[in-house]
Amino acid sequence: MKKLWKNRWLRALFTLMLAGVLCYSALLCVVLRGEYDQVEGEPKTMIVLGCQVHPWGPSVLLQDRLDTAIDYLVDHPEVTVIVSGGQGSDEHASEASVMRNYLVAAGIAEERVLVEEDSHNTYQNMIYSAQMMQEQGLDPADGVLVVSNGFHLTRARMLWERVTGQEEYLHTLAAPSSHTSSRIWMYIREPLALVKSFVIDR
């Protein structure tokens with residue numbers, strides 16, 4: 001009898017683990033399917049989503065986002081860019097201020113850069129950036145281009161639609177993730193972050 005119960009417990013544990021792996025794999029597929037550029041027409045506002053910063057500058061992932069943004073902004077001088085990201089407890093300055101300095105140092109005119117430094121997660125990025133657009137008279141119907149690493153874009157699209165209800169005006173630009181270990185860690189993390197945002201960020 002004891003052996004029978006042990007076998008049942010092991011089968012139940014195996015079934016639970018298998019279900020978890022399958023669910024996680026499905027979520028990872030959703031994340032991977034969202035890794036694409038989607039730019040149609042000429043969006044007038046860009047939002048660059050923040051990421052970790054260091055005393056010496058942006059993290060590698062954030063630098064990838066900023067370099068992608070710079071390439072687009074140089075070719076589209078009429079675009080206004082919102083850099084979005086607050087200051088974490090382990091950061092010396094707000095992510096947005098570091099992002100602005102990086103863009104300006106690369107030759108982007110300072111008057112084109114709006115700084116949103118109250119947000120501390122992707123949901124707040126979208127809320128406060130949408131509010132800033134309204135305050136600055138930037139019409140979402142003219143197109144909004146969100147720039148982030150590819151793994152982040154599925155969640156970014158979902159949250160923008162939830163915050164604004166205006167998915168049809170959203171465009172996305174996927175920055176490459178040049179740092180292998182950071183990219184692997186984010187692929188591990190992002191499916192769980194997607195679930196958290198779907199359930200909690202409302």
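The values are calculated or read from the model by the stated rules, or taken from the named source; none is laboratory data. Nothing here was measured: the structure is a model prediction, and the numbers come from that model. All Cβ positions, glycine included, derive from the backbone under ideal geometry; neighbour counts span all protein chains shown.
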Can you name the residue in the range 144-163 that is over 19 Å from CYS51 (Cα atoms) and in contact with a Leu (Cβ under 8 Å, 6 or more places away or on another chain) and, of all such residues, is surrounded by the most Cβ atoms within 10 Å (Cβ to Cβ)? VAL144
Boolean, VAL98 is at pLDDT 95 or above, of a type outside the set (Lys, Arg), touching a Gly at 6+ places or on another chain (Cβ under 9 Å) and within 23 Å of GLN136 (Cα to Cα): yes
Considering residues that are in a helix (DSSP H, G or I) and surrounded by 18 or more Cβ atoms within 10 Å (Cβ to Cβ), the number found within the range 184-201 is 6
Without any contact (Cβ under 8 Å) to a residue 24 or more places away in the chain and exposed (fewer than 10 other Cβ atoms within 10 Å of the Cβ): does that describe TRP56? yes
Return yes when VAL146 is of a type outside the set (S, T, N, Q), closer than 23 Å to CYS29 by Cα and either out of contact with any strand residue (DSSP E or B) (no Cβ under 8 Å at 6 or more places or on another chain) or not in a helix (DSSP H, G or I) (or both) and no when it is not. yes
Got a sec? Which of MET99, MET126 is touching a residue at least 24 places away in the same chain (Cβ under 8 Å) and over 25 Å from ARG33 (Cα atoms)? MET99
From the residues in the range 17-44 that are closer than 26 Å to GLY86 by Cα and more than 16 Å from the chain's Cα centre (by Cα), which one is surrounded by the most Cβ atoms within 10 Å (Cβ to Cβ)? PRO43
Any hit, the range 171-180, residues being under 19 Å from VAL147 (Cα atoms), part of a helix (DSSP H, G or I) and not acidic (Asp, Glu): no
